[in-house]
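Read through the structure below, which is laid out as structure tokens, and then see the notes.
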Amino acid sequence: MADDASSSSGCAGNLIDNSINQDELIMKQQREIEKEISETIPLVGELEALSSLEKEYNEDPVYLLKVKDLSSKYKYIRRTRPDGNCFFRAFSYAYLEHLLTDKSEFDKFYEIAKNSKEILVALGFSQFTVEDFYETFMEVVQRVGEQAGGSPDSLESVRAELHDKFNKQGYSDYIVVYLRLVTSGQLQTENDFYQNFIEGPRTVTEFCRQEVEPMYKESDHIHIIALSNALNVGVRVKYMDRGEGSQVSKVIAHDFPEGSKPLVHLLYRPGHYDILYA
Amino acid sequence: MAAMSPSERRLQKELMSLMKEPPPGVTVDGDQASQNLTLWTVHMEGVPGTLYEGEKFVLQFKFTNKYPFDSPEVTFIGNNIPIHPHVYSNGHICLSILTDDWSPALSVQSVCLSIVSMLSSCKEKKRPPDNSFYVKTCNKNPKKTKWWYHDDSV
């Protein structure tokens, strides 16, 4: 919940000699890396042929096999900026893009989205902070709804508009924040269930405050399970990592919620999500 | 009047709400904040029945144009800096929501409530163990400190 978040923040200043200046240097370097990423990689990129992945793994026979496996099912990839928000950004972009061509899914989603703010306020999130993010989110959703199922020409222009919005921080980050809140709301509503997924002594609420609501915190299974359940949207994640054994050349897929029909397809590589297209 | 930026709009909204319905013992200097939305002074009273009963504190909030995506810079200022294991004598506060755990859904009001609750749950008035070293070496901006948070339930 948004208010009174002091309970979990204990404190240790910095006890080791010189460590503060060391830390300042590390933080400065961290900010420089973030700056470089934000200057060179768009929030959401253009559609690229899947073969662009091959170039990345020229010298890596295991990954090349995996790319080959992936290309039997997918033709394109759209990259997102690796800023810790990539799951939320990739998910919302891919789903809204899908809704443009699926009016009945849009109608179903619109009801869920419209009611989501009340759920958050009932959980104790403050109305006036949630409102800003909700309104921007709904503005983008409504724009998609107006055009959903339209002619190819009008779809082309609204796709361009969506792409443009997702690359403007003033829209894109608002959407990310709102989906983080919806995810947190789902985790807290189904508290008993999700507690089983949280390692260590943290409560679900503490986990939400530390790992879900703040920007730039990376998403794990639990975030995906919660968001896909909250919005009732099927997500397929293809996991491309250094798995070994007989499946070494395959890219394993996982569907969230289990057994759902996936409308959003994401590629996971350690620490990062991009969008996949058939 | 020039159009407000998103951060100014948000701050304006927060200021109105904090002036209209402040949490108990908290008052914002509305005149000063309206003149400069990026610098607020908040007065805070020690909660009756706690170690800080009867004391008065002053908090300073500084905002960048990236607020609420950037957290506010919050320090105690003035003559009476609370003696507390998470508050350094230069006014810097070690509180995770001010850096790592900041979320754009938090607000000045939720920061004030967290600070009130941090003070109220204190069992022994003392400075952080590394106070003198930290105060000598730290950056003026507490957000440039790499804080090491751990739950010691103080």
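The values are calculated or read from the model by the stated rules, or taken from the named source; none is laboratory data. This is a predicted model, so every value here is computed, not measured. A quick note on method: Cβ atoms are made from the backbone with ideal geometry, for glycine too, and the neighbour counts reach across all protein chains shown.
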**Prompt:** Could you say whether any residue in segment A:76-86 is surrounded by fewer than 19 Cβ atoms within 10 Å (Cβ to Cβ) and more than 14 Å from chain B (Cβ to nearest Cβ)?
**Reply:** yes
**Request:** Go over the candidates A:Tyr74, A:Tyr95 one by one and state the one that is outside any helix (DSSP H, G or I) and at pLDDT 95 or above.
**Result:** A:Tyr74
**Number of positions in segment B:131-145 that are crowded, with 19+ Cβ neighbours inside 10 Å and over 27 Å from B:Leu11 (Cα atoms)** = 2
**Request:** State whether the residues of segment A:173-190 include one that is exposed (fewer than 15 other Cβ atoms within 10 Å of the Cβ), within 21 Å of the chain's Cα centre (by Cα) and of a type in the set (S, T, N, Q).
**Result:** no
**Prompt:** Among the numbered criteria (1) modelled with pLDDT under 95; (2) in a helix (DSSP H, G or I), which single criterion is violated by B:Leu15?
**Reply:** (1)
**Message:** Which of the numbered conditions does B:Ser114 fail, given that it passes all the others? Conditions: (1) touching a helix residue (DSSP H, G or I) at 6+ places or on another chain (Cβ under 8 Å); (2) outside any helix (DSSP H, G or I); (3) not aliphatic (A, V, I, L, M).
**Reply:** (2)
**Message:** Every residue in segment A:94-136 that is away from chain B (no Cβ under 11 Å), within 23 Å of B:Pro6 (Cβ to Cβ), among the hydrophobic types (A, V, I, L, M, F, W, C) and touching a residue at least 12 places away in the same chain (Cβ under 8 Å), please.
**Reply:** A:Leu96, A:Ala113
**Fill in**
Per the list (1) more than 14 Å from chain A (Cβ to nearest Cβ); (2) crowded, with 22+ Cβ neighbours inside 10 Å; (3) in contact with a strand residue (DSSP E or B) (Cβ under 6 Å, 6 or more places away or on another chain), residue check on B:Ile93 breaks on (1)
**Prompt:** Which number in (1) within 14 Å of chain A (Cβ to nearest Cβ); (2) modelled with pLDDT of 95 or more marks the one condition that B:Gly54 misses?
**Reply:** (1)
**Complete:** The condition from (1) in contact with a helix residue (DSSP H, G or I) (Cβ under 8 Å, 6 or more places away or on another chain); (2) outside any loop (DSSP other than H, G, I, E, B); (3) within 21 Å of A:Ser126 (Cα to Cα); (4) modelled with pLDDT of 95 or more that B:Thr27 misses is numbered (1)
**Message:** Can you find a residue that is within 14 Å of another protein chain (Cβ to nearest Cβ), buried (at least 17 other Cβ atoms within 10 Å of the Cβ) and either part of a helix (DSSP H, G or I) or of a type in the set (Asp, Glu) (or both) anywhere in segment A:137-151?
**Reply:** yes
**Request:** Might you check whether a residue that is away from chain A (no Cβ under 13 Å) and under 16 Å from the mean Cα position of the chain (by Cα) occurs anywhere in segment B:101-124?
**Result:** no
**Asked** Can you tell which of B:Val47, B:Val58 is among the hydrophobic types (A, V, I, L, M, F, W, C), in a strand (DSSP E or B) and farther than 25 Å from A:Thr136 by Cβ?
**Response** B:Val58
**Message:** I'd like to check something: does segment B:78-85 contain any residue that is part of a loop (DSSP other than H, G, I, E, B), in contact with a Cys (Cβ under 8 Å, 6 or more places away or on another chain), among the aliphatic types (A, V, I, L, M) and away from every other protein chain (no Cβ under 11 Å)?
**Reply:** no
**Prompt:** When you go through A:Lys261, A:Lys238 one by one, which is the residue that is touching a residue at least 24 places away in the same chain (Cβ under 8 Å) and within 15 Å of the chain's Cα centre (by Cα)?
**Reply:** A:Lys238
**Prompt:** Quick one: how many residues across segment A:250-278 are surrounded by 15 or more Cβ atoms within 10 Å (Cβ to Cβ) and in contact with a Leu (Cβ under 8 Å, 6 or more places away or on another chain)?
**Reply:** 8
**Message:** Against the conditions (1) surrounded by fewer than 19 Cβ atoms within 10 Å (Cβ to Cβ); (2) polar (S, T, N, Q); (3) outside any loop (DSSP other than H, G, I, E, B), where does B:Thr75 fall short? Just the number, please.
**Reply:** (1)
**Item:** Search result, residues across segment A:152-169 that are touching a residue at least 12 places away in the same chain (Cβ under 8 Å) and in a helix (DSSP H, G or I)
**Value:** A:Leu155, A:Val158, A:Arg159, A:Glu161, A:Leu162, A:His163, A:Lys165, A:Phe166, A:Gln169
**Request:** Would you please name the residue that is nearest to the chain's Cα centre (by Cα), looking only at residues in segment B:1-19 that are surrounded by fewer than 14 Cβ atoms within 10 Å (Cβ to Cβ) and more than 11 Å from chain A (Cβ to nearest Cβ)?
**Result:** B:Met4
**Request:** Among the residues of segment A:32-71, write down those that are charged (D, E, K, R) and in a helix (DSSP H, G or I).
**Result:** A:Glu32, A:Glu34, A:Lys35, A:Glu36, A:Glu39, A:Glu54, A:Lys55, A:Glu56, A:Lys66, A:Lys68, A:Asp69
